[in-house]
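Step one of this worksheet: look at the structure below.
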Amino acid sequence: MIIRPRRLRRTAAIREMVRETSLSQKDLIAPLFVKYGLKEKEPVSSMPGQYRFSVDAIVNEAKELWALGIPAVILFGLPDKKDATGSRSWADDGIVQRAVSAIKENLPEMAVITDVCLCEYTDHGHCGVIVNGEVDNDATLELLVRQAISHSRAGADIVAPSDMMDGRIAAVRKALDSEDFTNVGILSYAVKYASAFYGPFRDAAESTPLFGDRKSYQMDPSNALEALKEAQLDMDEGADMIMVKPALPYLDIIRRVREISMLPLAAYNVSGEYAMVKAAEQKGWIDGKKVMMEMLLSVKRAGADLILTYFAKEAAQVLSGKEG
Ligand code: PBG
C-alpha cells in the first residue's frame, strides 16, 4: 500500500476542509503615517501604495480600512519640528494626538494604537535622549511615559512602545495606572531586531539616525535566546500583547516566542518586506498579490495572532473579494 497525501489535495473543497491556517481581515493592523502641515496626502516613494496623511485624510483612510473589516490602525507621527528630546511627541496638540482624537471621534469602535518612540521627534533621529554621546536609558523612560500618557489622553486604546529601552513596559504601565488610564493596553515591541529591513520606514517617517546606528538598543539578528528573555521581561512587566519585529526573516523567533507566551502575539511585517514585494511586482518578476498572501499566511502559521502590515488594505480587499 502507498500512503497517498495527495488525496487531500485533489479538490478545492477537500483542501479547504484540511486547511490548518487561515488569514482574516481581523488579524491585520494597518500602520499609518500622519504628517503635520500636509494638505491631504503625499506618497512614500520607497513604499508604493503608502502615504503620509493629513489629519482629515487619515480619518478617511481609517474609514476605508474599517469598512474592509480591519479592526485596528497603528499611528506614526511626523511633527512640525524636531528637537534634542523629542518634545513634540508628548504635546497634547501634537500630530499623533490630533489624529487619535479625530479617528476616535469618527470611528469610536475602531482600535487605535499609537507607536510610542522618540525617533520621529528627535533632531538626531535616535529613539532616546543622548547623554555623553549615548542613548540614555533611564532619562528616556521619563519621556516615553509622557508620550504614552499624552496619547492616552487623546483617546488611544493601546500604546505600543517601540524604542527597546530596558524597563519601559513597567514604567509605562505604572504611569498609566497612576493617571487612571488602567484601561489603556500595552502592545510591547518586545523583540525588535536592529534590522536593515526598516530602511523605507525611516524614509517615510524621516527618522534615520544622524549618527551611528540603533545596535546599542535594538537586538542583534544572531540572537534567539535573548528574544525569549526580552519577551519574558515584558510579560512580567505587564504587557498585554507582545510583538516580534521584523516578521519574515524571524519566523523562527515568532514560533519560539509563541511557545512561551500566553499573550496575544503580533508580528510586524515591516517596510523593507513590503518594499521588496512591490519592487519585484513592478518589474513583473513576481505575482505581488499571491506573494503578499503567502507571506502573511506564513507569519500566522509561524504563530502570530496579529500582523502589522502595510499590505493590510490590499490583503483585506483580496480576502473580502473587493479587489481594487
Ligand atoms: C521606531 C520604529 C521603527 C519602525 C517602527 N517603529 C523604525 C526603527 O526602529 O528605525 C519600523 C517599521 C518598519 O520598518 O516598517 N519608532
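Here's the yes/no breakdown for (1) over 14 Å from Cys127 (Cβ atoms); (2) near the ligand (Cβ under 10 Å from one of its atoms):
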{"site": "Ala160", "(1), (2)": "no, yes"}
{"site": "Asn183", "(1), (2)": "yes, no"}
{"site": "Leu187", "(1), (2)": "yes, no"}
{"site": "Phe211", "(1), (2)": "no, no"}
{"site": "Tyr217", "(1), (2)": "no, yes"}
{"site": "Ser222", "(1), (2)": "yes, no"}
Inset, instruction - List the helices (runs of 4 or more DSSP H) that sit entirely inside the stretch 81-197 and contain at least 1 residues that are surrounded by 21 or more Cβ atoms within 10 Å (Cβ to Cβ) and of a type in the set (S, T, N, Q). - result: 95-106, 137-154
Legend entry - Residues of the stretch 80-96 satisfying the condition of being within 20 Å of Ile186 (Cα to Cα) and within 16 Å of the ligand (Cβ to nearest atom): Ser89, Trp90, Val96
Inset, instruction - Check the stretch 90-98 and report whether any residue there is among the charged types (D, E, K, R), farther than 30 Å from Gly321 by Cα and over 20 Å from the mean Cα position of the chain (by Cα). - result: yes
Inset, instruction - Answer yes or no: is there a residue in the stretch 203-217 that is in contact (Cβ under 8 Å) with a residue 12 or more places away in the chain, assigned to a helix (DSSP H, G or I), over 14 Å from Glu237 (Cα atoms) and open to solvent by less than 10 Å² (accessible area, probe 1.4 Å). - result: yes
Inset, instruction - Can you tell me which residue within the stretch 249-281, out of those that are assigned to a helix (DSSP H, G or I) and under 14 Å from the mean Cα position of the chain (by Cα), is nearest to the ligand (Cβ to nearest atom)? - result: Ser271
Inset, instruction - Given the conditions (1) of a type in the set (D, E, K, R); (2) touching a residue at least 60 places away in the same chain (Cβ under 8 Å); (3) more than 15 Å from the ligand (Cβ to nearest atom), report the number of the one that Glu226 does not fulfil. - result: (2)
Inset, instruction - Considering every residue within the stretch 228-247, establish whether at least one is crowded, with 19+ Cβ neighbours inside 10 Å and more than 23 Å from Thr114 (Cβ to Cβ). - result: no
Inset, instruction - Could you tell me which numbered condition Asn132 fails, if it satisfies all but one of (1) over 25 Å from Ala267 (Cβ atoms); (2) in contact with a Phe, Trp or Tyr (Cβ under 8 Å, 6 or more places away or on another chain)? - result: (2)
Legend entry - Scope the stretch 282-318; condition closer than 24 Å to Ser188 by Cβ and either of a type in the set (S, T, N, Q) or not in a helix (DSSP H, G or I) (or both); matching residues: Ser298, Gly303, Ala304, Asp305, Leu306, Ile307, Leu308, Thr309, Tyr310, Phe311
Inset, instruction - Tell me, please, whether a residue that is among the charged types (D, E, K, R) and either more than 16 Å from the ligand (Cβ to nearest atom) or more than 23 Å from Cys117 (Cβ to Cβ) (or both) can be found in the stretch 48-59. - result: yes
Legend entry - Scope the stretch 93-136; condition without any contact (Cβ under 8 Å) to a residue 40 or more places away in the chain and either among the hydroxyl-bearing types (Ser, Thr, Tyr) or within 21 Å of Thr208 (Cα to Cα) (or both); matching residues: Val131, Asn132, Gly133, Asp136
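The values are calculated or read from the model by the stated rules, or taken from the named source; none is laboratory data. Fair warning: this is a prediction, and the values are worked out from it, not measured in the lab. Ideal geometry is used to build each Cβ from the backbone, glycine not excepted, and the neighbour counts take in all protein chains shown. Remember, those area values only see protein heavy atoms, side chains included, never the ligands or the DNA or RNA. Shrake-Rupley method; radii C 1.70, N 1.55, O 1.52, S 1.80 Å.
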